[in-house]
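A.B. asks: Following this message is one structure expressed as structure tokens.
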Amino acid sequence: MPSAIRITTPALLLALASTPALADGDLLQRSTLTGDWGGLRHQLEEDGVKITGDYSGETAYNAHGGLHRSARYSQNIKLGAQFDLSKLYGLENGGKIQLTINDRRGNSASEDLVGNRLPIQENYGGLYTRLTELSYERTLFTPALNIKLGYMAMGNDLGGLDSGILCNLMNAGFCGHPLNMSGGSGWANYPNAHLGARVKYDLSPSWQLRVAAFNVDPQSNGNSSRAWHLGPKHTTGTVVPVELVYKLQGQLPGEYKLGYYYDSSNVKRIDSDKEVAGRGGHYLLIDQAVWNDAGSPGRSLHAFGQYSAASEAASPFTKWYGAGVVLYKPLEGRPRDTVALGYGRAVPNPRSRQVLEDAAFNAGQPFPNIDNAEQLIELSYGYQATPWLNLRPDVQYIIEPGAFSGKDIDNALVFGLQVKASF
């Protein structure tokens, strides 16, 4: 991919906004940074072509504990185009084609400064430009049945909460799907994409069933030479997730997801040369409103919960527990701000721990007396500065950062700032 789309500093976004051809309307009031392009953007969407663009930048400073005192910055640029075939060609239920490109740059605070497993910056990983999605979606036979197929990331449709509540926090342990899914199966983290198909069926206004099948190709994950190759390099199997979704309606709405996934790939067992045929896991995700302020529309308190368990035979990361609360509209004059508090616990596989202990014993080295899980406490404030710009100061306290590596690392206190802009 041409390096021209790489954006290494938010200043370039502001330069875009000041370009005369793009700077229509009030910069602080428009819905996107670059505006309506003199009416062209709106006309394209009316004709069936929707153009989107997003930037996220995350800076994290390790103030105490961990490995080193310093800061790290990472960023993600996402460009997308959606083609509505019904509008473009006058078709009835023509469906939509989605094209998405991602570019990631930067450095990891977890790897360089803290030494923990759960990525402090959710947008770090796969530092190159890639095709993230080329898919086709439409309803089939009935409005209740929706299909999507092509090249795409699994987490776009499964494994996470549709409400987006978890991305009010910056750590990847919260924002996205539980990470032990990818640690113990062929489930790939965004923006890694694979060939697959997804089906959604509305059983009722409140209940929905989702089923998918994705090619498993570990050699393509995080491989920059495969950034534009839709076909697999080396297929090991198929991962099949099944998800039941319940949307609670009413004054206190909620979202509940119960899921199971199975990967048919054969992989080596941990601490053994033997292979295990197939890996699976299950998960439960909850977002429930627990309070609404009758005197201030939009002010509400939501509680979330996560539980996920992965195969103990082949996953280094067997269980994940997460819980927290998000307060929407914390101040009367700030209708789109949020305050979020989360707690997470990531449990390493005892077999993986035994491998580390055995290696230390064979090398004649002591093994540290560390806890059996990495824990995370995170607090953030989402400040919606403009309709297109969100600033999120963030604090993370990481307990037992060396739980997965078998190293004695002091608990870490990390201060962060996340910047998100839509252009």
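The values are calculated or read from the model by the stated rules, or taken from the named source; none is laboratory data. What you see is a predicted model; the values in this text were computed from it and never measured. Heads up, the Cβs are rebuilt from the backbone with ideal geometry, glycines too, and the neighbour counts pull from every protein chain shown.
A.B. asks: Of these, Gly305, Gly259, Gly324, which one is within 15 Å of Leu161 (Cα to Cα), without any contact (Cβ under 8 Å) to a residue 24 or more places away in the chain and either in contact with an Asp or Glu (Cβ under 7 Å, 6 or more places away or on another chain) or in a strand (DSSP E or B) (or both)?
C.D. replies: Gly305
A.B. asks: Suppose the filter is on the phi > 0 side of the Ramachandran plot and in a strand (DSSP E or B); does Gly150 pass it?
C.D. replies: yes
A.B. asks: Follow-up question, since we're still on this one. Being touching a strand residue (DSSP E or B) at 6+ places or on another chain (Cβ under 8 Å), surrounded by fewer than 16 Cβ atoms within 10 Å (Cβ to Cβ) and of a type in the set (Lys, Arg), is that true of even one residue in segment 390-412?
C.D. replies: Among the residues of segment 390-412, not one is touching a strand residue (DSSP E or B) at 6+ places or on another chain (Cβ under 8 Å), surrounded by fewer than 16 Cβ atoms within 10 Å (Cβ to Cβ) and of a type in the set (Lys, Arg), which makes the answer no.
A.B. asks: Suppose we filter Pro205, Pro232, Pro241 for residues that are surrounded by fewer than 24 Cβ atoms within 10 Å (Cβ to Cβ) and either in a strand (DSSP E or B) or modelled with pLDDT under 90 (or both); which single one remains?
C.D. replies: Pro232
A.B. asks: Take segment 269-302 and flag every residue that is outside any strand (DSSP E or B), more than 27 Å from Phe174 (Cα to Cα) and either touching a residue at least 40 places away in the same chain (Cβ under 8 Å) or hydrophobic (A, V, I, L, M, F, W, C) (or both).
C.D. replies: Matches in segment 269-302: Arg269, Asp271, Ala294.
A.B. asks: Moving on. Just the residues that are polar (S, T, N, Q), under 16 Å from Ala346 (Cα atoms) and in contact (Cβ under 8 Å) with a residue 40 or more places away in the chain, please, taken from segment 154-185.
C.D. replies: Hits for segment 154-185 are Asn171, Asn180.
A.B. asks: A further question follows. Considering only segment 313-344, state which residues are crowded, with 19+ Cβ neighbours inside 10 Å and over 30 Å from Gln251 (Cβ atoms).
C.D. replies: Ala313, Ala314, Ser315, Phe317, Thr318, Lys319, Trp320
A.B. asks: For His68, which of the numbered conditions (1) over 17 Å from Ile398 (Cα atoms); (2) part of a loop (DSSP other than H, G, I, E, B) fails to hold?
C.D. replies: (1)
A.B. asks: Kindly provide the set of residues from segment 37-49 that are surrounded by 17 or more Cβ atoms within 10 Å (Cβ to Cβ) and either among the acidic types (Asp, Glu) or at negative phi (or both), ordered by number.
C.D. replies: If the condition is that a residue be surrounded by 17 or more Cβ atoms within 10 Å (Cβ to Cβ) and either among the acidic types (Asp, Glu) or at negative phi (or both), then Arg41 is the only one that fits.
A.B. asks: I'd like to know if segment 179-200 contains one or more residues that are in a strand (DSSP E or B), hydroxyl-bearing (Ser, Thr, Tyr), more than 30 Å from Phe415 (Cα to Cα) and within 18 Å of the chain's Cα centre (by Cα).
C.D. replies: Checking segment 179-200: not a single residue is in a strand (DSSP E or B), hydroxyl-bearing (Ser, Thr, Tyr), more than 30 Å from Phe415 (Cα to Cα) and within 18 Å of the chain's Cα centre (by Cα).
A.B. asks: Restricting to segment 95-147, count the residues that are of a type in the set (Asp, Glu), in a strand (DSSP E or B) and free of Cβ contacts under 8 Å to residues at least 24 places away in the same chain.
C.D. replies: Of the residues in that region, 0 qualify.
A.B. asks: In segment 369-389, what residues are touching a Gly at 6+ places or on another chain (Cβ under 7 Å) and farther than 18 Å from Phe174 by Cα?
C.D. replies: Scanning segment 369-389 gives a single hit, Ile370.
A.B. asks: Take the residues in segment 50-66 that are crowded, with 16+ Cβ neighbours inside 10 Å and of a type in the set (A, V, I, L, M), then tell me which one is nearest to Gly382 (Cα to Cα).
C.D. replies: Per the criteria, the residue is Ala60.
A.B. asks: Failed condition for Cys167, given (1) in a loop (DSSP other than H, G, I, E, B); (2) in contact with a Cys (Cβ under 9 Å, 6 or more places away or on another chain); (3) on the phi < 0 side of the Ramachandran plot, with all others met?
C.D. replies: Just one mismatch for Cys167, condition (1).
A.B. asks: Among the aromatic types (Phe, Trp, Tyr) and under 26 Å from Ser380 (Cα atoms): which single residue out of Tyr136, Tyr124 fits that description?
C.D. replies: Only one candidate passes the filter, namely Tyr124.
A.B. asks: Cβ contacts < 9 Å: first residue touching a residue at least 24 places away in the same chain (Cβ under 8 Å), restricted to segment 42-53; second residue in a loop (DSSP other than H, G, I, E, B) and of a type in the set (A, V, I, L, M), any location; separation 6+ or different chain. Result?
C.D. replies: Cβ pairs passing all conditions: Gly53/Leu33.
A.B. asks: Let me ask something additional. Those residues that are surrounded by fewer than 21 Cβ atoms within 10 Å (Cβ to Cβ), in contact (Cβ under 8 Å) with a residue 60 or more places away in the chain and of a type in the set (S, T, N, Q), I need them from segment 370-387; list them, please.
C.D. replies: Thr386
A.B. asks: Is there a residue in segment 310-318 that is small (Gly, Ala, Ser), in a strand (DSSP E or B) and within 18 Å of Val239 (Cα to Cα)?
C.D. replies: yes
A.B. asks: So which residues in segment 259-305 are closer than 30 Å to Asp217 by Cβ, among the hydrophobic types (A, V, I, L, M, F, W, C) and surrounded by fewer than 15 Cβ atoms within 10 Å (Cβ to Cβ), if there are any at all?
C.D. replies: If the condition is that a residue be closer than 30 Å to Asp217 by Cβ, among the hydrophobic types (A, V, I, L, M, F, W, C) and surrounded by fewer than 15 Cβ atoms within 10 Å (Cβ to Cβ), then Ala277, Leu284 are the ones that fit.
A.B. asks: Within segment 312-341, which residues are more than 30 Å from Gln354 (Cα to Cα), in contact with a Ser or Thr (Cβ under 8 Å, 6 or more places away or on another chain) and basic (Lys, Arg)?
C.D. replies: Lys329
A.B. asks: Name the pairs: first residue in segment 352-369 and under 16 Å from Phe404 (Cβ atoms), second residue part of a helix (DSSP H, G or I) and acidic (Asp, Glu), Cβ to Cβ under 8 Å, at least 6 apart or on different chains?
C.D. replies: Close Cβ pairs (under 8 Å, with a partner that is part of a helix (DSSP H, G or I) and acidic (Asp, Glu)) amount to Phe367/Glu357.
A.B. asks: Still on this structure, I have one more. For segment 392-406, which residues satisfy the criterion of being under 30 Å from Arg336 (Cα atoms) and touching a residue at least 24 places away in the same chain (Cβ under 8 Å)?
C.D. replies: Listed by number, the residues that qualify are Arg392, Pro393, Asp394, Gln396, Ile398.
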